[in-house]
Amino acid sequence: MSTATPQKFEFQAEIKQLLDIVIHSLYTEKEIFVRELVSNASDALEKLRHLQLTEKDVHDDNLPLEIAITTDDKAKTVTIQDFGLGMTREELIQNLGTIAHSGSKQFLKALGESGAKNSNLIGQFGVGFYSAFMVAKSVKVYSHSWRKDAPGHVWSSDGSGSYEIEEVDGQRRGAKIVVELKDECAEFAQDWKLKEILTRYSAFVGFPITLNGEKITTVQALWLRNKSEIKDEEYTEFYKFQAHAHDAPRYRLHFNADAPLTINALVFVPQENTEKLGFARLEPSVALYCRKVLIDAQPKDLLPEWLRFLKGVIDSEDLPLNISRETMQDKALLDKLGKVITKRFLKLLEEESAQRADAYNEFYAQFGIFLKEGAALDFTHKDQLVKLLRWESSLTEKGKTTSLADYVSRLKDGQKEIYYLVAPNREAIESGPYLEGFKARNLEVLFCYEAVDEYVFNNVREFDGKKFLSADHSDVKLEDVPQQGEALSEADVKDLTKWLKDALGAQVAEVKSSDRLVGSPALATNADKFASPMMRRMMKAMKKPGEADEPVKVNLEINPRHAVIKKLHALRAADADKAELVAEQLLDNALIAAGLLEDPSRMVARLNKLLESV
Ligand code: ADP
Ligand code: MG
């Protein structure tokens with residue numbers, strides 16, 4: 001068998017330290033060793049493929065370019081064999097026993113002194129191979145170089161301080177790594193366990209992989225291919241595989257760039273928003289890859305949170321592959337990658353909304369809520385996002401929407417604000433008292449049906465220099481328009497409003513006459529900027545039992561042309577008690593319309609009293 005006696009080597013001092021870091025602290029997930037060894041096998045095959053273009057005399061030239069993995073749960077071993085370029089004796093020593101990198105000593109010294117981890121730098125060393133020692137009692141590397149005249153060798157080590165190299169006959173080209181597992185890591189010798197790990201981390205490796213003779217499904221890394229050569233069906237198939245989906249994607253973004261960062265990304269918008277259907281909050285599911293190898297399936301810091309509905313892959317060669325997933329520290333790089341893709345995606349939406357408005361509206365009906373979340377919370381992308389938002393309005397039909405840009409293009413002369421009303425649906429807004437004054441003046445009001453709309457307006461504050469203002473707010477100033485019907489005289493109005501304020505006491509902040517009312521006798525305007533009716537309801541729902549409510553703060557505006565108001569004015573002299581009941585009821589009616597009536601029980605007693613006097 002062997003033609004020379006085994007020779008023993010000490011690991012370079014730096015390697016010893018490195019091994020210690022790799023085994024004890026770099027990776028928190030032991031299964032990573034599979035990813036690293038398969039990546040090395042894939043690299044070796046790739047290098048061989050290049051060599052074969054120029055070299056005529058390659059050892060075992062007709063071997064297939066494959067990775068064969070076998071497990072033995074009795075012997076507790078995992079074996080990973082490739083028919084790649086292999087290593088000579090010198091290469092085994094150089095690649096697996098020393099660190100060639102010039103700055104390495106310095107770095108490790110610094111590392112030892114500070115006790116800190118710099119995964120980014122470690123990535124540049126290439127420490128993947130040593131991850132095997134997290135799970136291994138011993139590792140043997142059988143290898144035959146592609147060079148015909150070089151003999152085969154076996155490199156072996158228990159990872160503690162030394163390794164041995166011995167010549168062996170009968171080796172095929174490439175490398176065969178035999179990992180003898182520690183007892184507590186024996187699970188990795190289970191076929192199903194390895195299969196699970198392989199499909200997760202290595203689905204896109206560019207060479208066929210078998211596990212115990214059975215083919216592992218690998219998929220083309222579509223994101224690295226040329227856009228013009230990819231058919232729609234291929235994209236859809238890829239999406240289904242990657243997102244575990246059954247539908248076809250609504251949108252896709254295939255993006256490739258070389259500078260300043262190498263980025264190859266392929267992301268999709270699904271048909272349906274499952275959060276909307278009541279399923280759990282989505283987890284980020286654009287996976288992070290480096291040269292086709294999975295780094296993190298659910299990276300938290302890659303894309304902004306509101307993009308959690310996207311599926312797909314972002315691949316960057318600039319990521320240091322050997323760093324552990326959990327201790328990834330290059331947040332700045334991730335951030336940059338995320339920003340590039342987010343910007344591109346927003347641009348795509350902008351184009352789609354302009355060119356295919358119907359399809360965009362369907363998308364928006366599902367995913368608009370995420371865009372609103374982003375507009376309210378993601379300061380970086382706020383401006384782009386706001387342009388993508390849509391609402392129904394007093395000038396659109398039911399079910400049709402407008403953008404803010406279109407709203408602004410329809411502003412009336414002198415209009416400085418963008419008006420909106422929040423209510424559960426269109427009917428509630430149209431039958432309420434607030435809209436009529438705006439309608440009479442031809443002012444457009446956005447109709448908002450989601451609580452998040454208010455967050456958007458409160459956080460974004462303005463668009464194109466126009467402030468957002470709730471149409472039920474007491475800050476709303478509407479200019480006079482000619483009104484139908486006889487109004488109370490100014491003196492009477494003054495009297496009546498003063499009396500009303502006295503009669504209603506602390507329930508109202510102010511009572512005044514208003515020109516914004518047409519068909520309603522009175523309305524309550526919200527004097528509290530940050531607590532609209534919908535907000536109040538939400539805050540109420542979050543209260544603990546027994547906790548007191550903040551009292552409502554409203555202004556009451558009355559319509560001096562309305563019959564009820566005129567009658568009330570007359571009633572004060574005729575029947576002061578009854579007038580007071582009417583005043584109370586007038587306020588409650590206004591509060592109901594505003595969605596602010598919190599205790600209806602008193603109202604029933606009062607109404608009964610009023611009915612008695614009919
Ligand atoms: P990296 O892959 O980042 O270079 P590793 O620690 O994973 O770092 O591997 C160190 C080196 O060992 C590789 O650069 C390569 O030269 C060599 N090597 C590892 N595995 C193989 C293999 N299966 N075939 C040939 N060479 C290998
Ligand atoms: Mg490697």
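The values are calculated or read from the model by the stated rules, or taken from the named source; none is laboratory data. Please read these numbers as outputs of a predicted model, since none were measured by experiment. Here the Cβ is made from the backbone with ideal geometry for all residues, glycine too, and neighbour counts use every protein chain on show. Remember, those area values only see protein heavy atoms, side chains included, never the ligands or the DNA or RNA. Shrake-Rupley method; radii C 1.70, N 1.55, O 1.52, S 1.80 Å.
With a cut-off of at least 2 residues that are touching a helix residue (DSSP H, G or I) at 6+ places or on another chain (Cβ under 8 Å) and over 24 Å from P270 (Cα atoms), name the helices (runs of 4 or more DSSP H) lying wholly within region 346-449.
The helices (runs of 4 or more DSSP H) meeting that bar are 404-409.
Conditions (1) of a type outside the set (D, E); (2) more than 30 Å from V340 (Cα to Cα), marked per residue:
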residue: Y360; (1), (2): yes, no
residue: A365; (1), (2): yes, no
residue: Q384; (1), (2): yes, no
residue: D406; (1), (2): no, no
residue: R410; (1), (2): yes, yes
residue: A440; (1), (2): yes, yes
residue: V445; (1), (2): yes, yes
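Of these, F238, F188, F255, which one is open to solvent by less than 40 Å² (accessible area, probe 1.4 Å) and in the same structural domain as V154 (by TED's automatic domain parsing)?
One residue alone meets the criteria, F188.
Suppose we filter region 162-183 for residues that are on the phi > 0 side of the Ramachandran plot and either among the polar types (S, T, N, Q) or open to solvent by less than 10 Å² (accessible area, probe 1.4 Å) (or both); how many remain?
Here the count works out to 1.
Quick check on region 541-562. Is at least one of its residues open to solvent by 30 Å² or more (accessible area, probe 1.4 Å), assigned to a helix (DSSP H, G or I), at pLDDT 90 or above and over 30 Å from V456 (Cα atoms)?
Scanning region 541-562, I find no residue that is open to solvent by 30 Å² or more (accessible area, probe 1.4 Å), assigned to a helix (DSSP H, G or I), at pLDDT 90 or above and over 30 Å from V456 (Cα atoms), so the answer is no.
R441 versus (1) open to solvent by 30 Å² or more (accessible area, probe 1.4 Å); (2) under 30 Å from E557 (Cα atoms); (3) basic (K, R): which is the lone unmet condition?
Status for R441: all satisfied but (1).
So, A186, is that one at negative phi and outside any helix (DSSP H, G or I) or not?
no
Can you find even one residue in region 272-285 that is assigned by TED's automatic domain parsing to the domain that holds K343, touching a strand residue (DSSP E or B) at 6+ places or on another chain (Cβ under 6 Å) and aromatic (F, W, Y)?
no
One residue is enough: does region 169-183 have a residue meeting the conditions part of a helix (DSSP H, G or I) and touching a residue at least 24 places away in the same chain (Cβ under 8 Å)?
yes
List, please: which pairs have Cβ atoms under 7 Å, are six or more places apart or on different chains, and start with a residue in region 40-53 that is open to solvent by 20 Å² or more (accessible area, probe 1.4 Å) and end with one that is of a type in the set (F, W, Y) and within 12 Å of ligand 2 (Cβ to nearest atom)?
That search, which allows pairs on different chains as well, returns N40/F129.
Of all residues in region 463-496 being out of contact with any Ser or Thr (no Cβ under 9 Å at 6 or more places or on another chain) and free of Cβ contacts under 8 Å to residues at least 24 places away in the same chain, which is farthest from D515 (Cα to Cα)?
The residue in question is G465.
When L282 is evaluated against the numbered criteria (1) open to solvent by less than 20 Å² (accessible area, probe 1.4 Å); (2) more than 27 Å from D82 (Cβ to Cβ), which criterion, by number, is the only one it fails?
Among (1) open to solvent by less than 20 Å² (accessible area, probe 1.4 Å); (2) more than 27 Å from D82 (Cβ to Cβ), the lone unmet condition for L282 is (1).
Can you tell me which of (1) more than 26 Å from V205 (Cβ to Cβ); (2) free of Cβ contacts under 8 Å to residues at least 60 places away in the same chain is the one Y251 doesn't meet?
Failing condition for Y251: (2).
All but one of (1) open to solvent by less than 30 Å² (accessible area, probe 1.4 Å); (2) modelled with pLDDT under 95; (3) within 16 Å of ligand 1 (Cβ to nearest atom) hold for A221; which doesn't?
Failed condition: (3).
Could you list, in sequence order, the residues of region 191-218 that are part of a loop (DSSP other than H, G, I, E, B) and open to solvent by 30 Å² or more (accessible area, probe 1.4 Å)?
G206, P208, N212, G213, T217, T218, listed by residue number.
Do we have Y251 as aromatic (F, W, Y), at pLDDT below 90 and in contact with a helix residue (DSSP H, G or I) (Cβ under 7 Å, 6 or more places away or on another chain) here?
It is false that Y251 is aromatic (F, W, Y), at pLDDT below 90 and in contact with a helix residue (DSSP H, G or I) (Cβ under 7 Å, 6 or more places away or on another chain).
Can you give me the number of residues within region 1-54 that are under 19 Å from R173 (Cβ atoms), under 36 Å from the mean Cα position of the chain (by Cα) and more than 13 Å from ligand 1 (Cβ to nearest atom)?
0
Among K276, K240, which is the only one that is in a loop (DSSP other than H, G, I, E, B) and either within 16 Å of ligand 1 (Cβ to nearest atom) or more than 16 Å from G338 (Cβ to Cβ) (or both)?
Exactly one residue qualifies, and that residue is K276.
So which residues in region 141-161 are farther than 25 Å from L51 by Cβ and either within 15 Å of ligand 1 (Cβ to nearest atom) or crowded, with 17+ Cβ neighbours inside 10 Å (or both), if there are any at all?
Result: S156, S157, G159.
Please specify each residue of region 67-85 satisfying the condition of being in a loop (DSSP other than H, G, I, E, B) and open to solvent by 10 Å² or more (accessible area, probe 1.4 Å).
Correct list: D73, K74, A75, K76, F83, L85.
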